[in-house]
Amino acid sequence: MIGVSKLSRALAMLALAVSVMVGASTGEARAQQAAIGNTPVSAAAQPADYLLGPADKVRVTVYGEPSLSGEFFISGSGVMSLPLIGEIKAGGMTLGQFQTAVQKSLSDGYLKDPRVSAEVLTFRPFYILGEVEKPGTYPYTAGLTVLNAVATAGGFTYRADKKNVWIKHNGETTEQKSELTPSIVVAPGDTIRLGERFF
């Protein structure tokens, strides 16, 4: 049988070991939190080369400043109106460039070392014309293909040319003819046109 004094010493040793482990764990957790807190804020997970444009809806987060954060639209002239700094150019910028511009504007006499994050919530719509059942303007979704766009517009008409498609990208003045394949991807703001087939 273990004596009372030996049992007490064993329990004391066990308590000491547990407290050391907890302390180490807490210290490690604090170190991790400090490291995370010092990590620069990068652009949200969006395509790196995506250029912002009119009708895009963007969530802007200024860390530690909820009154400066929110969801904002880019106007037809390519600017966004933000609290405190007013209008700022957004059209034609990548998310990373836009974040940097907002941070620079906020640090210019407003905030010390602002940390800003931006992500696109709603992309500008696409347009589909020609030989589809319901031509018009439709919301863009990530990964959209021409065939998805046609399906969204009610499908082909019976006169549609199902071998070729004309696409005008946002910001361009001319449309490009392409062979209609399942892999053709649509970008926000694109105008898609389906022509008639020759009988």
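Since every read-out is calculated from the coordinates, none of them should be taken as a lab result. Owing to the predicted nature of the structure, the values given are computational and were not obtained by experimental measurement. Heads up, the Cβs are rebuilt from the backbone with ideal geometry, glycines too, and the neighbour counts pull from every protein chain shown.
Is the C-alpha gyration tensor of region 126-194 telling us rounded, prolate or oblate? Criteria: a/c under 1.5 is rounded; beyond that, a/b larger than b/c is prolate, otherwise oblate. List each step's numbers first, then the result.
Numbers: a/c = 1.39, a/b = 1.19, b/c = 1.16.
Rounded, because the longest to shortest axis ratio a/c is under 1.5.
Going from the residue with the fewest nearby Cβ atoms within 10 Å to the one with the most, D49, D190, D161 rank D49, D161, D190.
Want the number for R159 to T181: 0.36 nm per residue separation, take away the alpha-carbon distance, what's left? Don't jump to the answer; show the numbers that get you there.
Numbers: separation 22, 0.36 × 22 = 7.92 nm, distance 1.81 nm.
Computed gain between R159 and T181 is 6.1 nm.
So how do Y138, Y63, Y158 line up by other beta-carbon neighbours within 10 Å, fewest first? Don't jump to the answer; show the numbers that get you there.
Values: Y138 18, Y63 13, Y158 7.
Lowest count first: Y158, Y63, Y138.
In the structure shown, the pairs K134/K163; K104/K168; K89/K177 are assessed against 26 Å; a Cα-Cα span above that value is assigned to K104/K168; K89/K177.
With a ≥ b ≥ c taken as the square roots of the eigenvalues of the C-alpha gyration tensor of region 57-122, please select rounded if a/c is under 1.5 and otherwise prolate if a/b is larger than b/c or oblate if it is not? Prolate, because a/c is 1.5 or more and a/b exceeds b/c.
Among the DSSP beta bridges whose two residues both lie in region 126-194, what percent are antiparallel, rounded to the nearest 5? Given both bridge residues lie in region 126-194, the antiparallel proportion sits at roughly 75 percent. Between T173 and T122, the distance separating the two model label sites (each 7 Å from Cα on the Cα→Cβ line) works out to 3.2 nm. Listed from fewest to most Cβ neighbours within 10 Å, the set I88, I128 follows the order I88, I128.
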